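The values are calculated or read from the model by the stated rules, or taken from the named source; none is laboratory data. Quick caveat: nothing in here was measured; it's all calculated off a predicted structure. Cβ: placed from backbone, ideal geometry, glycine included. Neighbour counts: every protein chain shown.
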Amino acid sequence: MDGDTEAGLLHFAGGNEKPLGICGLTKYAETKENAPNAGAFNVQILKGLENMKIEVKIRKTFAEGPLKAIVSVTLDGCIAVHDMKIIERADESGPFVAMPSRKDENGYFRDICHPINEEFRKEITDAVLNAYEAENHDKNNTKS
């Protein structure tokens with residue numbers, strides 16, 4: 001697969017590919033014998049995001065302060081990411097989505113998990129913010 005890419009495939013260095021079904025996606029796995037670094041996988045996901053199902057659950061909302069909501073996201077019914085946060089920016093340019101994180105030994109917050117590329121980050125952010133806005137819209141309409 002040198003240079004030939006196709007949506008829905010995994011591309012990696014080493015050459016030997018075997019189909020492997022994960023989360024309803026067709027994937028290819030490299031065998032250890034043909035890997036340039038035995039046991040190490042150099043994988044690039046080329047799956048298009050247009051078919052990915054992103055489910056968002058708003059777990060808790062906050063009326064006061066910059067923290068607006070805590071959410072969970074399920075990706076393709078296969079993996080859940082909990083404790084994502086919707087935070088209002090101090091400059092009032094709109095909310096952003098923070099990935100789950102924990103404080104390290106130096107007092108810095110480090111993401112526990114995060115999107116690797118901007119395209120997927122945008123997909124998750126859009127899904128989370130749309131769900132949050134829809135829930136706020138529903139709450140505002142039921143108060144009237």
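Just to be sure, is Gly48 among the small types (Gly, Ala, Ser) and at pLDDT below 90?
For Gly48, the condition - among the small types (Gly, Ala, Ser) and at pLDDT below 90 - is met.
Considering (1) farther than 23 Å from Asn51 by Cβ; (2) surrounded by 14 or more Cβ atoms within 10 Å (Cβ to Cβ); (3) in contact with a strand residue (DSSP E or B) (Cβ under 7 Å, 6 or more places away or on another chain), say which one Val81 fails and leave the rest.
Going through the list (1) farther than 23 Å from Asn51 by Cβ; (2) surrounded by 14 or more Cβ atoms within 10 Å (Cβ to Cβ); (3) in contact with a strand residue (DSSP E or B) (Cβ under 7 Å, 6 or more places away or on another chain), Val81 breaks only (1).
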